[in-house]
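Working notes, structure below.
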Amino acid sequence: MADAHAAPSRQQAAARCTFDGLQPVLLTISGLGIQPNRSALDPKRDIMLAAQGYQFDAAWACGRDAINSLAQSTLSSRIEYDEQTHGLRGPLLETVLQAAGLDIAKALAEHHWITLQGIDGYRVQMPLAQALRWRYLLTTQMDEQALPLGGLGPLWAMYDPQPLNELADLPEKKRFAQAVWGLYYIQISGDQPKA
Ligand SMILES: Nc1nc2c(c(=O)[nH]1)N[C@H]1C(S)=C(S)[C@@H](COP(=O)(O)O)O[C@H]1N2
Ligand SMILES: [Mo]
């Protein structure tokens, strides 16, 4: 699954993922195979991560410029909120995981799991293989407008349910249960995590 874009994306994102204090971190990724650029979760500062039961010794974190520096993809999908078709844009989940140093082929071979955590406490857990097959887009824009915090953003983990067999029989509103708005944290684990 690793592609030709992996190496430049990784360098670019890593270079731009310096903590100069000017850009808030939008996304933190921890777990097996992630190449960290920040230290352990500090329960006195990482308040929401701690409140939602997480802990880690190290993690990769990045701001908006790093996300926007990655190869961008688009997705045109009906969305359940207004039942209209919209154009979504952002990097693929796979691209972001590569930027965070994950060796995708190795993680797949080892049957790793992924957790997608939203700011409101909602989370989705599935095998990494499924998440990549679903081609999650870490959506930053809808119809050329940045997704706001307090709305669906700043990151919305969205997929196109249309080609996915396991979702095809569900009523439209039920097809988006695994699309996490307000995504701010991703965890990679070796086994199915505790729900
Ligand atoms: N962050 C977050 N994402 C979420 C949810 C949620 O409660 N919080 N609900 C999920 C479910 S079950 C569905 S059907 C769709 C739409 O739910 P919503 O109206 O709560 O956004 O978003 C999904 N993503
Ligand atoms: Mo739902």
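Of all residues in region 139-176, which are loosely packed, with under 13 Cβ neighbours inside 10 Å and within 16 Å of ligand 2 (Cβ to nearest atom)?
To start, the set of residues in region 139-176 that are loosely packed, with under 13 Cβ neighbours inside 10 Å comprises 143-145, 148, 150, 162-163, 165-166, 168-169, 171-174.
Scanning region 139-176 gives Glu166, Asp169, Pro171, Glu172, Lys173, Lys174.
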Can you find a residue in region 79-90 that is of a type in the set (S, T, N, Q) and touching a Leu at 6+ places or on another chain (Cβ under 8 Å)?
-> no
For region 20-78, what are the residues that are touching a residue at least 12 places away in the same chain (Cβ under 8 Å), outside any loop (DSSP other than H, G, I, E, B) and either more than 23 Å from Thr139 (Cβ to Cβ) or small (Gly, Ala, Ser) (or both)?
-> Ser30, Gly31, Arg38, Ala59, Ala61, Ala66, Ser69, Ser73, Ser76, Ser77
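For region 93-111, which residues satisfy the criterion of being surrounded by fewer than 21 Cβ atoms within 10 Å (Cβ to Cβ) and either out of contact with any Asp or Glu (no Cβ under 8 Å at 6 or more places or on another chain) or in a strand (DSSP E or B) (or both)?
Gly101, Asp103, Ala105, Lys106, Leu108, Ala109, Glu110, His111
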Pairs where the first residue, in region 154-180, is touching a residue at least 60 places away in the same chain (Cβ under 8 Å) and the second is away from ligand 1 (no atom under 11 Å from the Cβ) and assigned to a helix (DSSP H, G or I), C-beta under 6 Å, 6+ apart = Pro161/Leu167; Arg175/Leu167
Identity of the residue in region 148-191, of a type in the set (D, E, K, R) and touching an Asp or Glu at 6+ places or on another chain (Cβ under 8 Å), that ends up nearest to ligand 1 (Cβ to nearest atom) = Lys173
Pro24 fails exactly one of (1) within 18 Å of Met158 (Cα to Cα); (2) surrounded by fewer than 18 Cβ atoms within 10 Å (Cβ to Cβ), namely (1)
Restricting attention to region 74-92, which residues are farther than 29 Å from Ser30 by Cα, touching an Asp or Glu at 6+ places or on another chain (Cβ under 7 Å), surrounded by 14 or more Cβ atoms within 10 Å (Cβ to Cβ) and not charged (D, E, K, R)?
-> Ser77, His86
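A short reminder: the numbers here are calculations on the coordinates, not readings from a lab. Computed from a predicted model, the values in this text were never measured in an experiment. So basically every Cβ, Gly included, is an ideal-geometry build from the backbone, and we count neighbours across all protein chains shown.
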